[in-house]
Structure formats: structure tokens, C-alpha cells
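A.B. asks: Sharing a structure, written as C-alpha cells. Questions coming.
The values are calculated or read from the model by the stated rules, or taken from the named source; none is laboratory data. Fair warning: this is a prediction, and the values are worked out from it, not measured in the lab. Glycine gets a Cβ as well: all are built from the backbone with ideal geometry, and neighbour counts include every protein chain shown.
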Amino acid sequence: MNRNSPWKYLVLIVAIVVGVLYALPNIYGEDPAVQITSNRGGEVLEQVQERAQHLLEKEGIAFHSPEIADERLLIRLTSDDDQVRAADLLRDELGPAHTVALHLAPATPDWLRKINAEPMYLGLDLRGGVHFLMQVDLDASVSQTLERYQNDFRTQMRRERIRYGAVEVEEGRLVARFRNAPEREQALDLLRPQYRNELSFSQEERDDQFWMIAEIPDEVMQEIRVAALQQNITTLRNRVDELGVAEPVIQRHGADRIVVQLPGVQDTARAKEIIGATATLEFRMVHRDNRDYGGREDDPVPPGAERERDRDGRYVLLEREVMLTGDFITSAASGIDQETGGPQVNIRLSSDGGTMFNRATRENVGRPMAVVFIESRMETQLKNDEEERVRVTDREVINIATIREPLHSQFRITGLDSTTEARNLALLLRAGSLSAPIDIIEERTVGPSLGQENIEQGVMAVVIGFVLVVLFMAFYYKVFGLIANMALVLNLVFIVAVLSMLQATLTLPGIAGIVLTVGMAVDANVLIFQRIREELHAGMSPQNAIHAGYAKALSTIADANITTLIAAVVLFMFGTGPIQGFAVTLSIGIVTSMFTALVGTRAVVNLVYGGRRRLHRLPI
């Protein structure tokens, strides 16, 4: 009686070893580091690593363990001062083609990292970082939509040779003026079928002019606003990826605001620059005079042309009229050109964009077309010894190709430098441009010292709760209480290990969940031990009392823990960030406490008191 099968001991030993291994990374702390990513993917990171190491050695900055992972170069420094100094030097050395960000890298030993043992993430309230509340100008998204319709109207009426006086945006609507009613009717017959689901048309006569008015219906306007807000959230999430932030929080707040929380970010100014960056494309025809153009900055530009720089630093003449913008791109994916083996980006347009692009390219078969990459970002610049944030826009011709046939909703861009650049471009095009301008209306920085203070207070709460429970169990249940305390220690190890394996984020409410779990973890043992005592008082032998105690308490333990687990799951499903953090640690604690109570303590009790031992009394 009261014997465990060898396989049960084996399962318990394996669980303990795995738990200890995956909980260990959390005791090693973090190293100050700089993280370097290529904005264009044109330069091999091994070359960047050599340049960075040479610069740091030249400046006498101590570093260690440089590594390349996930297309990022990470260089660890020995102190915070060296970290800031190294970041400034590397930004000057590498220029705008690379992003250099301050980073806190886990100091986990290599032998643990080889088995993917990483420390759990810490939330903003524990690790420190930055919190932004952003206001989205949704009215601007509606204005941008009207301006796009304005350009479409002008282009189509010119193509159909319909004479008009002006097409202007007035008071949130489009107004096209004509000299007579037949011309207005022609325009209505042309435009109304194409935009029947997007615009409502009406007519007016004012000041001897015939007006055609196009307005966006309320339901369509609401769709535009919602889409703009969601597009901005997606864009910000992708831009934050460049910072290498673990578990960022980017979510909608109200009707027109977005909350961004970046745990562990030390460089607030750099975070602002990256969050504010946007990217899009323009497709434009190469000007006919480009072949005779010298390509120098001081060469005169002919009428109807604009000068743009390509990625080799030369100048190209493009026509002023934009054939298509990146607003019409619905998806973009990187791939390999089957003919040349080079990188390419496969692009899909919306139905309206495909129609416009097909019409524009059909009229220009045999002519070269340029793809202009436009990136806009906020930068902190020094003016008159004062830092000032300015918006910087970079324009670059990334591809020029001859139109062989009319293009439709699906086409590809080739001529890119590397597969990395193709992936980055596809990423930016999928969610690279902000649909509406954003302004940071609230900014809070949680310093590492405050985060450390929160950690110390949270750990103190866990320790106090743990010690009180341990003393009570040891006093009230004697040796069996000590066995329960062993299970309690193992339970804390398992909670930390599971959080680390899931790469979950620990916050202050999460620590509260752990404190609550410490108290609840011994509930199962209390039920079991109390049942054993009752059976002993009823005259049962010690061996039979142990067996009956575990058997009869099982259903009560299961009922109590399952109902609490259901409540924790509901909290996670319907709660927000802090509530979810509490629910996660509570759920993990419930599951691990049931395992340590039913499997762990039973194994130890059977090992010490089970088998064929003749017991006259139990120290309980």
C-alpha cells in the first residue's frame, strides 16, 4: 500500500529538472547593449559588425558577446555610460541606413540559451520604459480620401475630354463646376457608376455655374475612420518591431486614441522617431527628357518634370503626375524572381487601384516607369544648441522598369538589393503608411529605478507570504507540513519556469497573482492532511489513513481548483492588460499547485512512510 510506480517518480524528477532549468535564466539579470538593424537590408550585418567593433575598439569602449540573430546585430556593453556613448558613436558612423537602439539583453549563459531557456518578460511597471497616448486625426483620413477622389475625377474627365471649371474640396465634400448642364451630365454618367458604393452625387446651380457635388455617406465615412485607426495600430506595431521590444502593448483607447507601452525602452527620443516613421510608394512615369538629362543636382529641370534621387545617388527626371500611390496596395509579399533568381516583391492592388493602374499603364506600354519609395519620420535635431523635433521625408527611386504590357491588380517589383530589403519593403507596404496623422498627447516614462523598486516590493510580498505559510504548516502539521513546504517551493519554481517557457509578461498584478497562489497552493495539502487526521481519529491505521486521505480529498480539491480556474480564464478573456497579467499567473499557479500537491507530496509521503513500513503513529 502507498507505493509509487517508478515511472511516477521519473515523471516528477523530469518535471523538477525541467522546471529548475527554465527558471534559472531569471537570476542572471540583463546586460546594457546596443541593437543595430539595417533599414534597407543592403549591407551584410557581418560587415556592420566589423565596422562597429573597430569603432568601439578605437574609442576604448569595452564590449563583449557581439551576436547576429533575427537580422539584428546585438553588442553587449559593460556599463550604462558605455552603452549611451556607443549608441551615439554608432549612429554617427552608420548613418540613416541603420537603426541603432539602446537595449537590455538577457545575460543568460550560452548553455541555457541552447535549450531555448530565456527569462520571462517584465512589464512596464517592473522593467521601466515609456508609455505614449496618441491622438489620431481621423478627419485628416477623410480629407485624404476626398483628395484622392479629387485627383481621380480630374484624371478621368480629362481623359474623356469633359470640360470642367474646377474640382475642389469644400466643407467635407467634392464640388466640380461646369459651364453648362450637358457637360455636368456627361461627368455624372461617367463617375456615378464607378463610385456608386462610395459617394452620393447631387446637383446645384450657383452663380451661373452648374455644380456636381459628391459626398461621402455617413456609413462609408465611419468605415474610413475605423479602417484608418486600425491601419495606424498595425503600422505602429510593425514600426515598434525595429526597437526589439519584448511584449509591447499597442491597443485602441476610445474612438480616436492609441496607447503604446514599450517596456525596457531606455531611449525615449529614438522610440518617438521610429514610431513616427511612415513609408509608402509612388508609381510615376520617367520623363521623356530623362535620357538627355545630365543627372547632376544643378542641371535645369524641364517643365512638367520633377527630379528624384535613385539609390546610387544619381538624379532621375520623373513626370509630375502620380499614376498610383501605395494607398491602393492591399497586400505585399517578398519572393524570388524565377527568371533571375533575384529578390522581388509581389503586390496586389484593390479593385479600384487595379482599374486605375491598368488604364495608366495601357497608355504607356514601352515606356520606363519608376517606383519611388517615400519614408517620413520624426527626428530630434540640434538647432541653436536646443533639441527640436522635425519631420524628415526621404524619397528614393528604388526601381525603374519598362512597361511590357498593361499591368493589373497583381504585379511585382524587382531590382532590389537583397532578400532582406524585399522583406522589409513588403512589410512596410503591408502596413507602412499611417492612414491618419498622430500626435503624442501624453507621455510617461517609468525609470528603471522605479521598476526595480516595484520588483523589490513585489518580491518582498511573496517572501513574507511564503514565510508565514511555511511557519504555519510546519507548526500545525509537523513533518507533513515540511513536505507541503517543499511542494510550495517547487510550486514557485514551476510558476517562474512556465512563465519563462511561454515568454509571458510579468507585471505588478501578476506578482499579486503569485502572492495569492502562495496562499492557495497549500489548500490542497490542508484538505489532504486534515482528512488523514480525521481518519486517524476514527481509528484507522496510519497506512490506510494516508491512502484514504489522498483518495477522499481528491474530488474536493478538483472542484475547488477548477471553479477558481474558470474564474481566472474569464478574467483573462474579458479583462484588460493588468487584469490579464493577474489571470495568467493565477491560472498557472492553480495548475502547478494541483500537480505539486497531488503528485509531489504523495510521492514524498509514499517514499518516507509508504511501502511495508509498520507505522504506529504519524507526525501530523
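A.B. asks: For segment 90-115, which residues satisfy the criterion of being under 21 Å from the mean Cα position of the chain (by Cα) and closer than 19 Å to Asn26 by Cα?
C.D. replies: Scanning segment 90-115 gives His103, Leu104, Ala105, Pro106.
A.B. asks: Right, here's the next one. Where residues in segment 47-77 are within 24 Å of the chain's Cα centre (by Cα) and free of Cβ contacts under 8 Å to residues at least 40 places away in the same chain, which of them is nearest to Asp92 (Cα to Cα)?
C.D. replies: Leu73
A.B. asks: Another question, then. Read through the list (1) in a strand (DSSP E or B); (2) at pLDDT below 85; (3) within 25 Å of Arg314 (Cα to Cα); (4) of a type outside the set (Asp, Glu), then give the number of the only condition that Thr340 fails.
C.D. replies: Failed condition: (1).
A.B. asks: Right, another one. Those residues that are buried (at least 19 other Cβ atoms within 10 Å of the Cβ) and either touching a strand residue (DSSP E or B) at 6+ places or on another chain (Cβ under 8 Å) or part of a helix (DSSP H, G or I) (or both), I need them from segment 107-131; list them, please.
C.D. replies: Within segment 107-131, Pro119, Met120, Tyr121, Leu122, Gly123, Leu124, Asp125, Leu126, Arg127, Gly128, Gly129, Val130 qualify.
A.B. asks: Can you name every residue in segment 201-238 that is in a strand (DSSP E or B) and surrounded by 15 or more Cβ atoms within 10 Å (Cβ to Cβ)?
C.D. replies: Across segment 201-238, the qualifying residues are Phe201, Gln209, Phe210, Trp211, Met212, Ile213, Ala214, Glu215.
One line per residue, one yes/no per condition, for (1) within 29 Å of Asp92 (Cβ to Cβ); (2) at pLDDT below 75:
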{"site": "Arg362", "(1), (2)": "no, no"}
{"site": "Phe373", "(1), (2)": "yes, no"}
{"site": "Glu379", "(1), (2)": "yes, yes"}
{"site": "Thr402", "(1), (2)": "no, no"}
{"site": "Arg412", "(1), (2)": "no, no"}
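A.B. asks: Condition first: under 14 Å from Ala105 (Cα atoms) and modelled with pLDDT under 85. Now tell me which residues in segment 115-127 satisfy that.
C.D. replies: Selection gives Tyr121, Leu122, Arg127.
A.B. asks: Go through segment 68-92 and give me each residue that's in a strand (DSSP E or B) and either surrounded by 19 or more Cβ atoms within 10 Å (Cβ to Cβ) or at pLDDT 85 or above (or both).
C.D. replies: Scanning segment 68-92 gives Leu73, Leu74, Ile75, Arg76, Leu77.
A.B. asks: Going by the conditions given, is Glu247 outside the structural domain of Val372 (by TED's automatic domain parsing) and at pLDDT below 80?
C.D. replies: For Glu247, the condition - outside the structural domain of Val372 (by TED's automatic domain parsing) and at pLDDT below 80 - is met.
A.B. asks: Being buried (at least 20 other Cβ atoms within 10 Å of the Cβ) and in contact with a strand residue (DSSP E or B) (Cβ under 6 Å, 6 or more places away or on another chain) is the requirement here; does His64 meet it?
C.D. replies: no
A.B. asks: Show the residue pairs meeting these rules: Cβ distance below 9 Å; 6+ apart or different chains; first residue within segment 10-38 and at positive phi; second residue buried (at least 19 other Cβ atoms within 10 Å of the Cβ) and part of a loop (DSSP other than H, G, I, E, B).
C.D. replies: Cβ pairs passing all conditions: Gly29/Pro119.
Table: residues versus (1) at pLDDT 85 or above; (2) in the same structural domain as Gly353 (by TED's automatic domain parsing); (3) surrounded by 15 or more Cβ atoms within 10 Å (Cβ to Cβ).
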{"residue": "Tyr164", "(1), (2), (3)": "yes, no, yes"}
{"residue": "Glu170", "(1), (2), (3)": "no, no, no"}
{"residue": "Ala176", "(1), (2), (3)": "yes, no, yes"}
{"residue": "Glu183", "(1), (2), (3)": "yes, no, yes"}
{"residue": "Gln186", "(1), (2), (3)": "yes, no, yes"}
{"residue": "Pro193", "(1), (2), (3)": "yes, no, no"}
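A.B. asks: Can you pull out the residues in segment 132-173 that are under 30 Å from Glu442 (Cβ atoms) and outside any helix (DSSP H, G or I)?
C.D. replies: Within segment 132-173, Phe132, Leu133, Met134, Gln135, Val136, Asp137, Gly172 qualify.
A.B. asks: Give just the number: which of (1) within 30 Å of Glu67 (Cα to Cα); (2) surrounded by 17 or more Cβ atoms within 10 Å (Cβ to Cβ) does Met157 not satisfy?
C.D. replies: Single failed check for Met157: (1).
A.B. asks: Could you check, for segment 475-484, whether at least one of its residues is in contact with a Gly (Cβ under 8 Å, 6 or more places away or on another chain) and surrounded by 15 or more Cβ atoms within 10 Å (Cβ to Cβ)?
C.D. replies: No - not one qualifying residue is present in segment 475-484.
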